[in-house]
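Asks: Please read through the structure below; I'll follow up with questions.
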Amino acid sequence: MRSDVPVGTTLSSGIDSNSIVFTLRSFHKEKHHTFTACFDNGEFDNLEKNIYKSNDIKIDESVIVRKYTEDIGLTTHFIES
């Protein structure tokens, strides 16, 4: 991948964005930035919860993203909402 400007991707805890970021990291060793939305209310920090009973609940995926990006060495920016 080539670009005249720095490249970044959005990253959630889902397999699709994780696969894209991992593939980019595998082929291109230059610094890559990821951006993740997170919530400061602390709801759903428990990773074992997998069933959500309401469509209006804010889910904080930053816990999973932080671990993943530390493991593969990415520069991550968390966007607080």
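Asks: Once amide H atoms are placed 1.01 Å from N in the peptide plane, what residues at a sequence separation of 5 or more from Thr9, or on another chain, have their amide H within under 5 Å of its amide H?
Replies: Hits under the 5 Å cutoff: His33, Thr34, Phe35.
Asks: Oh, and also: For the peptides 66-72, 26-32, what is the packing order when you average, over each peptide's residues, the other Cβ atoms within 10 Å and list the highest mean first?
Replies: Numbers: 66-72: 13.7, 26-32: 10.9.
Sorting 66-72, 26-32 by mean packing, highest first, produces 66-72, 26-32.
Every number here is computed from the coordinates shown, using simple stated rules; none is lab data. Remember, predicted model here, so these are calculated numbers, not experimental data. Methodologically, a virtual Cβ is constructed for each residue, glycine included, from the backbone with ideal geometry; neighbour enumeration extends over all protein chains shown.
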